[in-house]
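The values are calculated or read from the model by the stated rules, or taken from the named source; none is laboratory data. Note that the coordinates shown come from a computational prediction; the quantities given were computed from them, not determined experimentally. Cβ: placed from backbone, ideal geometry, glycine included. Neighbour counts: every protein chain shown. Side chains are part of the model used for accessible areas, which takes the heavy atoms of the whole protein and leaves out ligands, DNA and RNA. Shrake-Rupley method; radii C 1.70, N 1.55, O 1.52, S 1.80 Å.
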Amino acid sequence: MYGRKSSRFLGALLFFLSLVYGVLVRLRARAYTIGLLRTKQLPCRVVSVGNITLGGTGKTPMVINIAGLFQKHGRRPLVVSRGYGRQDESAMLVASDGTSQVPDPSLIGDEPALIAHRLAHVPVVVGSDRHRAGSFAISLFQPDCIILDDGFQHLRLKRDLNIALIDAGGPFGRGLLFPAGILREPISALKRADVVVFTKVDQAGDLASLKVTVRRHTDARIFTARYVPRDLMDAASGETLPLTALRGAAVFAFAGIARPGSLTELLGSLGAVVKGALSYPDHHQYSKADIARLGQAASDSNAAMVVTTEKDSVRLKGMMPAGVWALRVDLEVLEQESWKEVLLG
């Protein structure tokens with residue numbers, strides 16, 4: 001899908017399936033455009049954060065960024081998420097009422113759990129039907145703004161601001177639709193966006209050319225953003241360490257995210273010596289066997305620290321492994337004043 005490996009037979013099969021998938025995606029979008037499928041509206045402002053690729057663009061940190069900005073300016077935001085990877089994705093649940101949250105991430109999904117953990121006083125509701133979940137949330141919490149986590153493809157719900165994120169370091173993979181590539185929709189779907197944000201701009205190869213490509217498909221306002229490492233947090237105790245603790249430290253890394261290699265790259269940039277690493281599928285639910293394997297691998301690599309992502313640490317809380325540190329990062333939009341104007345306007 002990313003073009004790192006090749007197989008003639010498998011590639012041909014996936015390409016054929018991607019053509020079928022592309023027809024279905026275009027037909028669905030067209031059905032909403034001409035009114036065959038109807039869009040529903042909520043009685044408050046809706047801001048959607050999403051992308052046109054599979055994972056790894058920074059949707060969760062962006063949701064946290066936007067909700068924090070709304071809070072800072074006296075708004076009452078609420079987050080609605082599908083809660084991907086939870087035990088029962090058909091269930092509609094209050095992941096957090098703003099003061100307390102569901103303690104088991106497997107019931108609500110790791111991303112809603114992370115959002116709830118990061119955002120005090122911001123309710124989080126999960127549900128596959130975002131309109132129904134939004135209506136339910138409004139009846140309980142009376143927010144003045146709802147932020148849709150991963151809402152770009154949820155065409156059933158009308159939104160007032162449609163934000164599409166693009167990973168500037170690896171924007172469109174091979175340029176093919178799923179399952180042959182990482183595109184969830186054709187690049188032309190960006191025409192629906194009001195705002196495009198290039199994330200990881202410090203990893204961009206040719207940002208100017210990427211902007212030209214995007215401009216062929218949309219007149220949306222363009223912003224740039226980067227990850228800013230914050231600190232290290234112990235997954236069990238909540239103790240924190242400054243980033244300077246990584247300088248020269250022998251580290252073993254593991255992650256179950258869309259692009260696990262991004263963690264080792266970030267650790268290296270912070271001065272850590274990565275002695276070994278293990279990767280798992282995105283949203284992986286860790287078992288006791290996984291923890292034992294990680295401990296053995298870290299010991300065999302002679303690492304002094306074991307580091308994972310903050311999203312992974314949420315999934316580890318039930319097991320409370322000792323000595324695992326989560327690297328916490330924030331997403332910073334570089335054009336901050338213009339960003340505030342767009343969001344608060």
Practice problem: In a Gaussian network model over the chain where Cα atoms closer than 10 Å are linked, find which of Ser81, Ser106, Ser279 has the largest mean-square fluctuation. | Solution: Ser279
Quiz item: How many percent of the accessible area of the stretch 1-65 is carbon or sulfur, using a 1.4 Å probe?
Solution: 64
Practice problem: Keeping all protein chains in place, calculate the accessible area per residue for the chain (probe 1.4 angstrom), answer in Å². | Solution: 46
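Give the carbon-plus-sulfur fraction of the accessible surface of the stretch 178-305 in %, rounded to a whole number; probe 1.4 Å, heavy atoms of protein chains only.
Details: 3030 of 5980 Å².
Ligands and nucleic acids excluded, carbon and sulfur reach 51 percent.
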Quiz item: Which order do peptides 321-333, 206-218, 120-132 fall in by mean Cβ count within 10 Å, highest first?
Solution: 120-132, 321-333, 206-218
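Express as a percent, rounded to the nearest 5, the fraction of DSSP beta bridges in the stretch 38-162 (both residues included) that run antiparallel.
Details: 4 of 20 bridges.
Taking every DSSP beta bridge with both residues in the stretch 38-162, the antiparallel ones total about 20 percent.
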Practice problem: Label the stretch 292-345 by shape, choosing from rounded, prolate and oblate, from the square roots a ≥ b ≥ c of the eigenvalues of the Cα gyration tensor; if a/c is under 1.5 it is rounded, and otherwise prolate applies when a/b is larger than b/c, oblate when it is not. | Solution: prolate
Practice problem: Would you mind computing, in nm to one decimal, how far apart the modelled labels at Ser188 and Val228 are, each placed 7 Å from Cα along Cα→Cβ? | Solution: 3.9
Exercise. Report the normalised scattering of the stretch 1-137 as log10 I(q)/I(0) at q = 0.17, 0.21 Å⁻¹, calculated by the Debye formula with identical scatterers on the alpha carbons.
Key: -1.02, -1.25
Quiz item: What distance in nm separates the simple spin-label points at Arg216 and Asp97, each placed 7 Å from Cα in the Cβ direction?
Solution: 5.2
Practice problem: For the stretch 43-96 and the stretch 108-168, write down the distance between their C-alpha centroids in whole Å. | Solution: 4
